[in-house]
Structures are given as structure tokens and as C-alpha cells.
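Report on one structure; see the data block that follows.
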Amino acid sequence: SATRPRPRRVLVPFPHLYNRDSGGAVGNVSRALCLRRGSGAPAPSPGATVFALSSGQGRCGVAVIRASGPASGDALRILTAPRALPAARTASLRLLSDPRSGEPLDRALVLWFPGPRSFTGEDCVEFHVHGGPAVVSGVLQALGSVPGLRPAEAGEFTRRAFAHGKLNLTEVEGLADLIHAETEAQRRQALRQLDGELGQLCRSWAGTLTKALAHVEAYIDFGEDDNLEEGVLEQADVEVRELEVALGAHLRDARRGQRLRSGAHVVVTGPPNAGKSSLVNLLSRKPVSIVSPEPGTTRDVLETAVDLAGFPVLLSDTAGLREGAGPVEQEGVRRPGRGGLEQADIIVAMLDASDLASPSSRDFLDTVVATVGARSPREGGQRLVLVLNKSDLLPAEGPRPGPGLPPSLLLSCLTGDGLHGLLEALRKELAAVCGDPSTGSPLLTRERHRHHLKACLDALGHYKQSKDLALAAEALRVARGHLTCLTGGGGTEEVLDIIFRDFCVGK
Amino acid sequence: MFSVRGCGRWAAASLAKQHLRVARFCGDSAAPGTPHFDVVVIGGGHAGTEAAAAAARCGSRTLLLTHRVDTIGQMSCNPSFGGIGKGHLMREVDALDGLCSRICDQSGIHYKVLNRRKGPAVWGLRAQIDRKLYKQNMQKEILNTPLLTVQEGAVEDLILTEPEPEHPGKCRVSGVVLADGSTVNAESVILTTGTFLRGMIVIGLERHPAGRLGDQPSIGLAQTLEKLGFVVGRLKTGTPPRIAKESINFSILDKHTPDNPSLPFSFVNETVWIKPEDQLPCYLTHTNPRVDEIVLENLHLNSHVKETTRGPRYCPSIESKVLRFPNRLHQVWLEPEGMDSDLIYPQGLSMTLPAELQEKMITCIRGLEKAKMIHPGYGVQYDYLDPRQISPSLETHLVQRLFFAGQINGTTGYEEAAAQGVIAGINASLRVSRKPPFVVSRTEGYIGVLIDDLTTLGTSEPYRMFTSRVEFRLSLRPDNADSRLTFRGYKEAGCVSQQRYERASWMKSSLEEGISVLKSIEFSSSKWKSLIPEASISITRSLPVSALDVLKYEEVDMELLAKAVPDPLKKYTKCRELAARLRIEATYESAFFQQLQEIKEVQRDEALQLPRDLDYLSIKDVSLSQEVREKLHFSRPQTIGAASRIPGVTPAAIVNLLRFVKTTQQRQAAMNQLPKTDQYLYDTDKLQEREL
């Protein structure tokens, strides 16, 4: 049946992203703002304010963060407090600090463009900050904590510019393509995030919440003319309370949060004992994998965030793909095996240069290398770097090994020979991957995730407090909206389906 | 003339008046002898009566054509109006000066607001209605509506002419042909034929053609519509048997009494016609395992249940309840059919078993052991037209000036029908006077949600209103339907009386004044605590607390607040409705501001209009997949907002569409050198803010 989405903005299926007057530090800022505006209710803003990292990714001299919308002036004031707004369209140097902790973030060049004379036609702010990931991440988080601000969606700036007549038609033509590409990239990124523990968690949370909402909605729409089971509401309350505990624990758990730090995914793969773990250790400069000459030492995907040639990279080391392994090892191999490869942006395929004729090497070449190499990156395929390790074992003056192979690099993890060449090759590939505008910023993705989970938690708090059931249900709708932003789905039909499945209702 | 030619019985009640009116119009019309009306409404059910009355209120000379004048306003199924979600629709119909709420205030016999304890946003105004009174009152209203003429007759065909070139559509309707071959000319035609299109009644294994028990179905009209190329689907519904009142042992059943005082449906009424103590009770009983057995043992005798025609996912019939939720006791409400009626309507027992088995089942239910069945329940199967073929004004895409309203569009329920009727009536009339259509947005009313869901998504089961379908439920409440719709109805459609308009204006300004006064009264929380010790006011807040904030507490109402701060609050307690509405506004105030953002975003997309004559299948300069083209072609969304809600229409397609529209306009503007380039793409600044 047709899904029935809630009305949404044209480009972006993200319904409920409004400022909630939450407790704690954010609430204080919100109140401070209200006071500044004078007494009474805050004036409703005519559009949400969005922000995003507008410059490219990776380590760079200067990163530009933009905000657009009616609250951008407030955001600038809050981050640069106690200074007033700078003169319009004039670069000014300001100290940015986190509004929650007061901690200084960076000394930055800021620009204030009051609408309509701005890129989007709305009030806009630009922060030119130092380009390190920590600074960028800090400023993005600080912006996320300002009431009324939320991370921008794919193509949202362009869309706003379009809506205000600020783009010529040629520019707009690019927009649809861009959105298409971003949707694809986001889908892939969502797949990464949602594959694995976190994804399962998010999906199960969203499932719980949808069910709780369906039961509350059933109680509202059918509670009196049909016999709903006793305790429908109590059950929903219990579920919401459990969800609150789980979300709270998750947000406090920094270790899990690290899993979200998805830079470009580089996966090292190859037959057992090719030296994959040694390479990972070499690249990350710290022991991530247990290295031993025994084949099959690594039985799981180990991920580590590293900085490779200035690019944020999530490096993983798959267990060797090997025939005839023991049951325990097979399990370890199967689980992450191809799944790990599918999520990779760059695959480093590694073989033992001295062992190219072995069945495991040949099998690996036939299956993985041939398959991945068959599709070019332009066609949406992954990038492949073929590395022949253990060059130290080759005869010094001998011919180059593997004459029939695709272009490959020689390396010795033991001596470090060829490492420079490999890094250079990876840098090129990473530049191609990260320079691609269709790849979402990992920092933003992480910020978005945190934003939605926190907003979900806030909304669940409102649910508990509301005595009016319509208000309580609205809080659940908002909470669910935030979770389904991360997992997809979320239409009204889904709720109605659960109602009609779980309850015998009708006239 | 008309009656001399014998083309139908005139409504006796206003015979002389009708004659005069027709005589005058015959003089106006081009073909001598053929009557001519601005709007012709076919069908006198809940959609038809509202449509005809609305068109007449808008100033159109209107003709209501019905099989039988004495069935106008007939409640074919349940003897009740309103409920959760449906009550919201009735308030909105009333805000547009529609009929059903006012008639219900004159015809109810048991008024009860559902969901009283769940928050005023989801209150469900509901009443048991005396069928006979309702019909009488409705007929009186219809037969005395200025500009409205009623005639009996079965419409067999539509008269079609060349389309107006400035509108999309392959032809234009210009009148109707009746069964006796006579014709009536019309500027606009509204079809509200309910379940009568190829209607088929089913009891057990028997089936016979009928729109309703005892009434002929419309077959010619169904064929005409199919020939025109309308996509037709089939739905089913049902109604329970009726039981003799004196044969029921009420003494052993749960008695349910009405509200005291009764809350009227209409904004213009302060009370209903009948005192609470004179109203009739309802009784509750339950099914038992024996009922399940009878259903399960006799499935082979029950063709309505077995058939594949789509019924709803919810369970209207006892058979579907038993099949989907076995081993459970299901509620059966015993509802009076009228003040002096001998019949009881067993709500929850809708069924299509053979008649003798229905009686057998009834008698195994507690309290009904000796019950006498007066007539059996039955199922109805009928054609409906895929509502994606109509625009939000309810005009069809295919035939200009032809409007559909009510069950013909796949909905179920009197209230859903009435809501569409009002909108179709208004728009049929506006179309004649060449004014822009009157469309209610999803952000403005349940009517908007209903029509937007139907026209953009279609439906494959009888569509029923639920509050959970409504995104902005906290703003679209029964209490404020007037401030949402009455002013628009008055200014844009002319369907609202001066009296109602003034009343709504007074209420709006009083509310605004009241809210600003409440906001201006600020004390410390501890002072409030001492002023109103009954309320559990939290004293942890250091900021001053306004009277509006205090009013949000469950225990506080305007009376209590006015006792604490008599000056200036006392005067706001004098009007009971005003005091109650101020309190509701306070409850939802902050939630409204939180939703405002989202409301504006929806409104912005709804303001981006697509050209109505865009040929999605053939336009070349725009990159759209074939699938998206077909979907857009079929639904013909009128705004970017509606297009984006159609499943399968991607964000990228939306941007391409916007670009195409804008390019085309610029090209046209350059060619015509017209200054108005923004005919379809309104600026977001034009969006008006709703004050309350």
C-alpha cells in the first residue's frame, strides 16, 4: 500500500526539526534569547535556520561554515558573545566560544549578511575558522545547540536561494543532479551507519516508538467506541520510559559515539596472512590488530579512525578470506566479510608477493579483485588499490611479480619500503572520494545523528510531562520523527497499520 | 412547463415557490422549455444537501435532483452524527455555514462528547440522532433555502460540450439528462450519488441491485462515467439489523447517559433543542463465543465476507471482527433510532449473514435473548471513482465543471460526505462566477487533510477520518474551526451569513484581547501559589509567571483565575464559550508555536502552484522518469506541496518540475511581455500568519 508521508518540505523528508525548549544549558540560552527579545512569547520565525560546513573536507587551512535563516544573526551573537553583530558584509575577527560551556573554540573571521542581500536571500552568517576537524566539529556542535538552528539537509542552501530568486536557471539545473547524488551518497552513508549495532539499535528504538505511538493514537481515536485492551496507555508509558533510559545511556556513551565518526571508509582485505593487520598498524601508527605470523589471527572487522594525508579515514581490517578454516574462524570471517567490503569507499587489496601462485591468492584475485575491478568508480564502483606485500621476501634483482595482474604497488610492511608510494596512491584516491561533493561531511553526519537522538530524548521528556493526551501524542510524534530521520519510514499509514493490526476497531 | 411535461414530481412543500422560480429561469435559458441552473446537484444525501445549500448560499441558482424528495437527509446507516475526527469535520462544515451541525442541534436525542479526558484537541462531539427529526429538519431547511430548487428524477446521462480552452479537461458538462428523456441545463454539475453507482445489496447469498434498501441504483450514470474514461473501483460497506425496542431486556445491561449540559455542534447555538434529562440513554452489551461460532459455521453462506472487493482494514462488520480477532468479546451498543421510534440500532453488529441466522445470532447475546429482528443487516457493494481524478476543488480533471463529492470518492461516513459536499457546492458556484477555487489546506482543517489525502494518494479502502491522520492536530481543534474557516468562507466564497461572520469576528477579537491580557498579568510563582492554592504551581521558577501560564495547569480555569485576579479577568468569564476557549488556547499555546515552523513550510510548498494544463506525459524539457510522469499525470497535483506527497515522486523530480515551470513562465512572459511572471510561483512572503 502507499506510504502516507507527513507533509514535508519539498526536497527534504525531515519533518519535525524545531527548537524545543529543553532543560539544561540549551534551555538557558533559549530563555536568554526570549529575554533579549522582550517579554511575552518569542516572535515566531518565518523559517528554520540551517547550518553546514560549506568548504571541502579534510584538513585544510580555512574551513567555511555557513548558516542561513532568521536565527543566524542570533547564532552569530551567541557564539561571539559578548560582542554585538559586526557591520554587514564586512569581515571581522571574533573569538568563537561554545555557548553551553563558554569554552573558546577558535578565533575566526565572521561575516554577517542580512537578507535579502545574501547568497540565499535570507539572513546569512559565515564563519571562516581554522580547518582542523576538532575546530570544525566544535563550531558545528555549538551551532547545533543554538535554539532554532539545525543542520542543513542536502541541497537546502541552494533550494533556499532558489526560493528567494537568487539562482539563475543554469545554477538550478545543477541542483536536481546534486540532490540526486547526495541522496545516493546519503543512502550509502545511512547503510553504513545502519548496518551493525547502531543501526539495529536505531531501528529497534524507532520500532518501539512507532508501536507506542500507534497505541496512544488508537487510544485517542478509538478508546471510547471500541474495547481496547486495558492498559494500552500504561504499556506505552513503560516502553517510553525504557526507551528514554536506553537513549540517555547511548548519548552518554562516547565509545559508541565514535562508531559514528565515519570518514572515508578504507578497507584492507586479502587472503590470510598477507599482512593486512601489519598495514593497518603501520597506517594507524598504533597496534589495532594483533599481528602474528599465524594465518587467521584477525577474526573480526577492526575499525580505527585515522588521519591519512589530511583526510579523516575509517580504516578497517577484515579477517582473511580463506577456504577451509575452522568453524569459529569462518563465523568471524563471514559476518563482516563482504558486508565490510560493500561499505568501503576504497579497498586496499593485499596479497603476499612471494605467494601469488597459492590457491588462496588466486582465489582472492578471481573473486574480490576481479569483481571490484570490473566496475569503475565513475559507474558507482569502489576504488581499488592492489598492494603486493612482503617485497622484502622477493629476490633483490628478480622480475616484478605477477605479470598478469592489474596495476599494483610493492610494499614491505616489515621494512617500510614502498609505504610512501602507497600513501601517495591513497591520497589521490581519498582526494577523489572526499572532494566529491556528493559525499556528505562525516562531521555533519555525526552532528545530525546526535542532534536527532537528543531531540528525540527531549521529546520523550515532554511526553512524560504532558497531562493532555493530545500533547503527549504530539511529543511522541515529534520523537518518532527524529528517529525516523535516521532510519527512514515514519508515515501515518505505518501507525494506522499497527492500530488495525493490534486492535479490533471500527464503527 | 416543467411539471406539465411531467419530468418529475416537485417537492410538495414549496410547490408554488419552486414553480415561480423555474418559470423565471426558463425565460432566461437559450432553449425554450429547458430549465437552466447555475449548479445542479445530483443526490440528496449528506453530500448532496450540503453541496446544494452551499452553492445556493454562494448565490448560485441551484437545483437538487434526487430519486425521492422524501429521502432527502436520510441517515441510511447509523443513527448518530459526529465522533472523534468526525466531530472535527462537523465543526468545520458549520464554520462554513453548512447544515449538518445545526440540524443535529435540533434533532439529537443523546449528546455526548467523546474523549473528554484526553484533551480538547481530540474531543469528539457526538450525538445519537432521531432519524425522523433529522430528515424533517433537513428537508425543511433545504426546501426553504433561497435560490435552491428541488426536483425528483433519476439522472441517466450528462450533457457534454466543447471544453473551455483556458482550462484543462477534454470536455465540459452543460447539463443532465433524466430517465424520462428530459434535460436540465447547468453551468456546473455536482455528483453526490453515494453508494448508488451500480449499487448491489447483499444478504447471505442473495444479491440485488439497489443503492440502499428499497431504492434503485444508478446504472446509466455509472456507464456514462466509465465511457468518459473515469477509473472506477469497487468498495463494500454494511449496516446492522434493526431490533424491536420492546423486545430487549435493558434492565440487565449497562446504561449510558448523555452529557449534562449538552455541548452543541454549531458555533451559532448556545444550547441544543432538548434538555439532558429528556434525552434517551444508550445501552452496552457484548458478543460471546456463541456469536463467533455462528459466524464461523456459516461463512459458506456469506458471500459479502468472502468476496475480494476491498473492505477497510478496520472492522465494520461482526464477521471481520470475529475473523481477525477471534475469542474476544466485542462491544455492541444499543442505540435509539429516535424519540418515538420502536427500533434499536445495534452498533457493532453490522453483518451480511442470511436473515434467519442474523436473528439466531442476535438472540444469543445478553439482553437480546428475546429480541425481535425487524429487518436484517445487509452489505452494499458499489462503484467509487478513484479520487485522484479530481482536484482539491473537487472538480474532475477529465470533465470541466463536473464535481464529485461524498461516498462516490471512496469515503465512508456522513460527516466525510458533508465536508466534501460543502466544498463541492462552494467551488461549483465559484466556478460559475469565474472566481478562484476555495481550497482548504492541510494546515487549516480536517477538511483539507481529507481532500488532500484523497486527491493526492487516492484510497483503496473506505476512507474514514481519524485524528491521527492530521499532522497539525493541536492547532486544528473543534473549538477553533470558526477562526480557521469562517473568515475565509465569508470573504472568498460568500457562503457564510453576516450574522455568523460577526459572531466569529467578535469571538476572535475577544480571544486575542483575552490572551494578551492574560499574558500581561505577571506575578512570581509563589504569589500565584498563594492566590490559587488549589493549583500545584511549581515555585522553582525564578522568572515571573503570566496568568496565561497559570491557566495551563490542569486544576485552573478562568473562573478560578478571575477569582484570584478579578480585575481585569472577571469580564472574560461572562461568556462561557469564551472562557472555555481561552483555557484551550492556553493549553496549546506553546505547542502551536513549536508547530508553526512546520505549518509554514507546508504552506510555502502549497503556495507554489503548478499549471493545471501541464501535460506531464509529453513535456520534453524536463527530466522526469516515466513512472513519475504517469503518477503526476494521473493525480494532477496543483501545488508543489501536493506533488511532493505523492508516493514515488522524488525530490529530484520536484526540483526539475519547479525549474521547468519557472522556465516556461519566463519564456511566456518574455513572449507576451506580461508583467505577471509569478502567476504560479507565489512568493513565500505572501503567506499570511494566522493570529490564533
Inset, instruction - Considering each of B:Glu166, B:Glu162, B:Glu187 in turn, give the residue that is in contact with a Cys (Cβ under 9 Å, 6 or more places away or on another chain) and within 23 Å of B:Ser429 (Cβ to Cβ). - result: B:Glu162
Inset, instruction - Check off (1) surrounded by fewer than 15 Cβ atoms within 10 Å (Cβ to Cβ); (2) at pLDDT 85 or above; (3) more than 30 Å from the chain's Cα centre (by Cα); (4) among the hydrophobic types (A, V, I, L, M, F, W, C) for A:Leu35 and give me the number that stays unchecked. - result: (2)
Inset, instruction - For the stretch B:77-89, state whether one or more residues are more than 30 Å from A:Leu228 (Cα to Cα) and either aliphatic (A, V, I, L, M) or at pLDDT below 95 (or both). - result: no
Inset, instruction - Restrict the check to the stretch B:623-640 and report whether at least one residue is touching a Leu at 6+ places or on another chain (Cβ under 7 Å), at the interface with another protein chain (Cβ under 8 Å from one of its Cβ atoms) and either buried (at least 20 other Cβ atoms within 10 Å of the Cβ) or part of a helix (DSSP H, G or I) (or both). - result: yes
Legend entry - Subset of the stretch B:644-660 (residues that are more than 7 Å from chain A (Cβ to nearest Cβ) and either at pLDDT below 70 or surrounded by fewer than 19 Cβ atoms within 10 Å (Cβ to Cβ) (or both)): B:Gly648, B:Thr650
Legend entry - The listed residue being touching a strand residue (DSSP E or B) at 6+ places or on another chain (Cβ under 9 Å), at pLDDT below 90 and of a type in the set (Gly, Ala, Ser), out of A:Gly69, A:Gly102, A:Gly58, A:Gly73: A:Gly58
Inset, instruction - Could you tell me which numbered condition B:Thr663 fails, if it satisfies all but one of (1) in a helix (DSSP H, G or I); (2) touching a helix residue (DSSP H, G or I) at 6+ places or on another chain (Cβ under 8 Å); (3) at pLDDT 80 or above? - result: (3)
Legend entry - Residue tally, condition more than 9 Å from chain A (Cβ to nearest Cβ) and within 17 Å of the chain's Cα centre (by Cα), over the stretch B:429-455: 14
Legend entry - Count - residues of the stretch A:450-490 that are within 14 Å of another protein chain (Cβ to nearest Cβ), surrounded by fewer than 23 Cβ atoms within 10 Å (Cβ to Cβ) and among the β-branched types (Val, Ile, Thr): 0
Legend entry - Pair list, Cβ under 8 Å, 6 or more apart: the stretch B:510-528 residue touching a residue at least 40 places away in the same chain (Cβ under 8 Å), other residue β-branched (Val, Ile, Thr): B:Ile521/B:Val565
Legend entry - Residue ID - farthest from the other protein chains (Cβ to nearest Cβ), chosen from residues in the stretch B:79-121 that are closer than 16 Å to B:Met465 by Cα and charged (D, E, K, R): B:Glu92
Legend entry - Among (1) touching a Pro at 6+ places or on another chain (Cβ under 7 Å); (2) touching a residue at least 12 places away in the same chain (Cβ under 8 Å); (3) at negative phi, the one test that B:Arg242 misses: (1)
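Take the residues in the stretch B:583-621 that are aliphatic (A, V, I, L, M) and not in a helix (DSSP H, G or I); name whichever of them is nearest to A:Ala472 (Cα to Cα). Full working, then the answer.
Start the filter on the stretch B:583-621 by keeping residues that are aliphatic (A, V, I, L, M), which leaves B:584, B:586, B:591, B:596, B:599, B:602, B:607-608, B:610, B:614, B:617, B:619.
Restricting the remaining residues to those that are not in a helix (DSSP H, G or I) gives B:608, B:610, B:614, B:617, B:619.
Working: B:Leu608: 33, B:Leu610: 37, B:Leu614: 43, B:Leu617: 45, B:Ile619: 47 Å.
Applying the filter and picking the extreme gives B:Leu608.
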Legend entry - helices (runs of 4 or more DSSP H) wholly inside the stretch B:248-337 that include at least 1 residues being among the aliphatic types (A, V, I, L, M) and surrounded by fewer than 21 Cβ atoms within 10 Å (Cβ to Cβ): B:289-297, B:318-324
Inset, instruction - At least 1 residues that are more than 30 Å from A:Ala472 (Cβ to Cβ) and among the hydrophobic types (A, V, I, L, M, F, W, C) in each: list the helices (runs of 4 or more DSSP H) lying fully within the stretch B:47-145 that qualify. - result: B:100-107, B:131-143
Legend entry - Filtered residue count, the stretch B:362-384, keeping only those that are over 30 Å from B:Leu197 (Cα atoms) and assigned to a loop (DSSP other than H, G, I, E, B): 10
Inset, instruction - Go through the stretch A:157-262 and tell me which helices (runs of 4 or more DSSP H), entirely inside it, have 1 or more residues that are modelled with pLDDT of 55 or more and exposed (fewer than 15 other Cβ atoms within 10 Å of the Cβ). - result: A:169-194, A:197-222, A:232-252
Inset, instruction - Would you be able to say whether some residue in the stretch B:366-384 is more than 30 Å from B:Leu301 (Cβ to Cβ) and touching a helix residue (DSSP H, G or I) at 6+ places or on another chain (Cβ under 7 Å)? - result: no
Inset, instruction - Consider B:Leu158 carefully, then state whether it is in a helix (DSSP H, G or I) and crowded, with 18+ Cβ neighbours inside 10 Å. - result: no
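Which residue, of B:Gly175, B:Gly124, is of a type in the set (Gly, Ala, Ser) and within 14 Å of chain A (Cβ to nearest Cβ)? Show your work before the answer.
Numbers: B:Gly175 fails: within 14 Å of chain A (Cβ to nearest Cβ).
Matching residue, one of B:Gly175, B:Gly124: B:Gly124.
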Legend entry - Odd one out for B:His375, checked against (1) modelled with pLDDT of 95 or more; (2) surrounded by fewer than 22 Cβ atoms within 10 Å (Cβ to Cβ); (3) over 30 Å from B:Asp452 (Cα atoms): (1)
Inset, instruction - Please enumerate the residues belonging to the stretch B:323-348 that are within 9 Å of another protein chain (Cβ to nearest Cβ) and over 27 Å from the mean Cα position of the chain (by Cα). - result: B:Arg324, B:Phe325, B:Arg328, B:Leu329, B:His330
Inset, instruction - Being away from chain A (no Cβ under 14 Å) and closer than 19 Å to B:Ile537 by Cβ is the filter here, so list the residues in the stretch B:567-584 that pass it. - result: B:Leu569, B:Leu582
Legend entry - In the stretch A:119-146, the residues that are assigned to a loop (DSSP other than H, G, I, E, B) and at pLDDT 90 or above: A:Glu122, A:Asp123
Inset, instruction - Could you please find all residues in the stretch B:585-611 being at the interface with chain A (Cβ under 8 Å from one of its Cβ atoms), closer than 17 Å to B:Ser516 by Cα, touching a residue at least 40 places away in the same chain (Cβ under 8 Å) and not hydroxyl-bearing (Ser, Thr, Tyr)? - result: B:Glu589
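The values are calculated or read from the model by the stated rules, or taken from the named source; none is laboratory data. These numbers were taken from a predicted model, which means no experiment stands behind them. Please note: Cβ atoms are built from the backbone with ideal geometry, for glycine as well, and neighbour counts cover all protein chains shown.
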